[in-house]
Amino acid sequence: MTSKGKILWVDDEIDMLRSHIIFLEERGYEVRPIPNAEDAIALLREEAFDMVLLDEMLHGKDGLTALGEIKEEHPSLPIVMVTKSEEESLMEDAIGGKIDDYLTKPVNPSQILLTCKKILERIKITGERISRDYISEFNEVSQMLNGPMDWNDWSGLYSRLAEWEVETDQHSELGLKQMLREQERECNVEFGKFIENNYPFWLNGGEGAPTLSTELIEKYVVPHLRADRQVVFLVLDNLRLDQFLTIEPLLYPYFKMQKENYCSVLPTATPFSRNAIFSGLFPSEIKEQYPHWWLQADDDEHSLNRHEHQLLDAQLERLGIELKPASKYIKILDVAEARRVTKKIATFSNVPLLALVVNFVDILAHSRSESEVLREITPDEAAYRSLTKSWFEHSYVFQILKALSQRDCTVVITTDHGSLRCMRGAKVIGDRDTSTNLRYKYGKSLKVDPKHAIIVKDPQTYKLPSLGLNSNYLLAKEDYYFVYPTNYHHYLNYYKDSLQHGGVSMEEMILPVVTLQPK
């Protein structure tokens, strides 16, 4: 039988513990009994052990002294202190990490077995549970895909997949990642069909429509303003649901949290989706009602977001919200601006609505396409999530949120769209005036294989601005990205495995909106 772990048990009354040792050995553990600390320390220099059971009151060198010496030479070796006392200092040592656990004498075999399992078999037991639960979940998802699904079904399904992504990050040895990715790809095939069949009806208030980008301010911000609460509306550009799940635990000590999902408008790109949030209007409506804010940007689509503050104030006015003082809007593009906002956050305490837009995650996604270093650091989604969490944990944004947790205000966190790791190219035909985006395009008489994209022949059906006669839009499905026939193979390889947005996928469209109340 394979050993479940090699245990060094140090106790000067070790002969009296023979029955306990036999009990552990019968359950697959290898136990080496030693009667004093000096011999135990010497043995640890010669042999590797997985865990030490260390009596506090030993003849000669006592357990606490031995603990210090063992940890100095073997800092990662788990040590369980066995003691006759119940002093609070031992509990503090356990919490502080000097010891991994402690047991109070007299110990019984079941207590020791539980401790050994917790320390030596936690990863194995957790992994077995995760594998078992995911196989069950995999079968449930497959059954769901075979039946009719509405928005709530898709939202719930993607939430479960995102949670599995985050959980399996900690257990890469289980080999579930490939299985999970294949299932997500299968889901995105069906999700593309679902969006193509339902999205145009949602735009006209069709039954079963989800909360769309255009409704976020009215649904999640305005009710708090009407209740005379200060609101901080934080938009983390290009943050996926799975990325939010990695940073969510960091917020638990500071806020009570209510989390929901909403659906981004199409294309899932900043000029369209974020303007829809701040204006409460669809892209074609923005162009129609505010042409002076839209037409200026025809040759530079990134400038389409220059007027978010004006669009926000116009939406509030339509909704009958009059703020005194007026709303405050800040876009954080770099560390210097983030530092400045952090220092000034207290001065905004009388502002009823503070809107913050943070572009770091979006910049990270775009930079990854061009930087070999970033690609090396983030070779897959798990690494991308890890880097996002690391950024957030050390960011000024987190500092701002911790400062807000000390105030009587409501914080609403959301994002305008997600992103997708693109792996397959789709050949597209268009003229020189066609937009350059990889997951969506607009222009005249654009052509692509309909298996790879939604072809929007009449932009008005998607409430998108018309660009003139024969203008149309292409929205990439699944993990496709658009490539022109000219130098096709060069650009196919250049953009493969890049993070893009603008198309139709669960990752880009199913997004978190989270309401935080300070604890």
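The values are calculated or read from the model by the stated rules, or taken from the named source; none is laboratory data. No experiment lies behind these values; they were computed from the predicted model shown. Quick reminder, even Gly has a Cβ in these numbers, built from the backbone with ideal geometry, and neighbours come from all protein chains shown.
Scanning the range 24-44 for residues that are in contact with a Ser or Thr (Cβ under 9 Å, 6 or more places away or on another chain) and surrounded by fewer than 17 Cβ atoms within 10 Å (Cβ to Cβ), we see that the one that is farthest from Lys105 (Cα to Cα) is Gly28. All told, Arg407 falls short of being modelled with pLDDT under 95, closer than 30 Å to Tyr495 by Cα and of a type in the set (D, E, K, R). The numbered conditions (1) at pLDDT 95 or above; (2) not basic (Lys, Arg); (3) not in a helix (DSSP H, G or I) are all true for Leu316 except (3). Taking residues in the range 449-473 that are among the basic types (Lys, Arg), and partners anywhere that are crowded, with 16+ Cβ neighbours inside 10 Å and assigned to a loop (DSSP other than H, G, I, E, B), the pairs with Cβ atoms closer than 8 Å and at least 6 places apart or on different chains are Lys463/Leu203; Lys463/Val265; Lys463/Phe282. Candidates in the range 403-440 are the residues that are in contact with a Pro (Cβ under 9 Å, 6 or more places away or on another chain) and of a type in the set (Lys, Arg); of these, the one that is farthest from Val361 (Cα to Cα) is Lys427.
Any idea how many residues of the range 352-393 are assigned to a loop (DSSP other than H, G, I, E, B) and at pLDDT below 95?
So the count comes out to 5.
Among the residues of the range 79-100, just one is under 30 Å from Glu165 (Cα atoms) and modelled with pLDDT of 80 or more, namely Asp100. Scanning the range 464-478 for residues that are surrounded by fewer than 21 Cβ atoms within 10 Å (Cβ to Cβ) and at pLDDT 95 or above gives no hits.
So, Glu186, is that one surrounded by fewer than 20 Cβ atoms within 10 Å (Cβ to Cβ) and either free of Cβ contacts under 8 Å to residues at least 12 places away in the same chain or within 13 Å of Thr461 (Cα to Cα) (or both) or not? So Glu186 fails the test. Which residues, counting only those in the range 319-339, are at pLDDT 90 or above and loosely packed, with under 13 Cβ neighbours inside 10 Å? Matches in the range 319-339: Gly320, Glu322, Lys324, Pro325.
When residues in the range 266-285 are screened for being under 19 Å from Tyr481 (Cα atoms) and of a type in the set (A, V, I, L, M, F, W, C), 3 of them pass.
When Glu47 is tested against (1) loosely packed, with under 14 Cβ neighbours inside 10 Å; (2) farther than 24 Å from Arg122 by Cβ; (3) at pLDDT 90 or above, just one condition goes unmet, and that condition is (2).
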